[in-house]
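To start, the structure itself, in structure tokens.
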Amino acid sequence: AQSVTQLDSHVSVSEGTPVLLRCNYSSSYSPSLFWYVQHPNKGLQLLLKYTSAATLVKGINGFEAEFKKSETSFHLTKPSAHMSDAAEYFCVVSDLNRDDKIIFGKGTRLHILP
Amino acid sequence: EAGVVQSPRYKIIEKKQPVAFWCNPISGHNTLYWYLQNLGQGPELLIRYENEEAVDDSQLPKDRFSAERLKGVDSTLKIQPAELGDSAVYLCASSSGQGAAKNIQYFGAGTRLSVL
């Protein structure tokens with residue numbers, strides 16, 4: 001069975017400083033991994049995805065994530081936070097090509113301090 | 001290109017009443033999903049359709065929830081009767097059926113249900 005754990009429910013960083021949102025997963029094989037962002041009163045938007053190609057994945061708005069199989073992690077990073085990054089972020093594990101479940105993490109709320 | 005369209009955006013009903021949500025996926029997307037999102041939680045999959053077939057409804061509480069996608073395009077999710085605990089946001093998403101893109105979901109804005 002697959003599972004995903006977002007290690008922090010809230011993260012606060014100052015504008016212009018690096019962002020790190022942590023995600024660990026559990027799977028019996030190398031699944032597809034995703035990060036989605038949800039701004040208030042808006043739909044979920046895909047930030048980036050890992051599907052067994054390059055382990056360092058670049059997404060939109062300057063975000064990137066690194067797949068580390070040995071650590072079963074897929075942490076999301078950004079070098080410099082912007083006020084517009086304040087939102088809820090979800091780590092997702094799934095592999096529909098294997099007809100597996102789609103599992104969302106509980107989410108991490110990112111606060112940006114001026 | 002239009003995104004995933006859901007209606008209504010908000011719905012307030014009294015407990016024991018029925019309620020229905022509608023979703024129109026992105027044109028050409030074969031796969032459609034319904035999720036439930038409680039406050040402060042991640043979305044939980046209720047049902048997944050491949051065209052008109054429900055291929056995963058294991059998390060759908062079938063005593064009160066039902067869904068249909070008769071022509072393999074738009075879909076409705078119904079609750080009858082609604083309970084207080086059903087208050088949540090109901091999200092619809094769609095994805096294409098092609099290769100790696102099959103895993104990429106596009107979400108609607110959701111329907112926020114309040115049961116009084």
Test: residue in segment B:51-61 that is at pLDDT below 95 and on the phi > 0 side of the Ramachandran plot: yes
Residue count for segment A:3-33, restricted to those that are under 14 Å from A:GLU66 (Cβ atoms) and within 12 Å of chain B (Cβ to nearest Cβ): 2
Segment A:73-105: number of residues that are modelled with pLDDT of 95 or more, within 14 Å of chain B (Cβ to nearest Cβ) and over 12 Å from A:LEU33 (Cα atoms): 3
Lone unmet requirement of (1) within 14 Å of chain A (Cβ to nearest Cβ); (2) touching a strand residue (DSSP E or B) at 6+ places or on another chain (Cβ under 8 Å); (3) of a type outside the set (S, T, N, Q) for B:GLY40: (2)
Number of the exception - A:VAL57 against (1) hydrophobic (A, V, I, L, M, F, W, C); (2) within 14 Å of another protein chain (Cβ to nearest Cβ); (3) over 15 Å from the mean Cα position of the chain (by Cα): (3)
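The values are calculated or read from the model by the stated rules, or taken from the named source; none is laboratory data. As the structure is a prediction and not an experimental result, all values here were calculated from the model. Here Cβ is always computed from backbone atoms with ideal geometry, including for glycine, and neighbour counts include all displayed protein chains.
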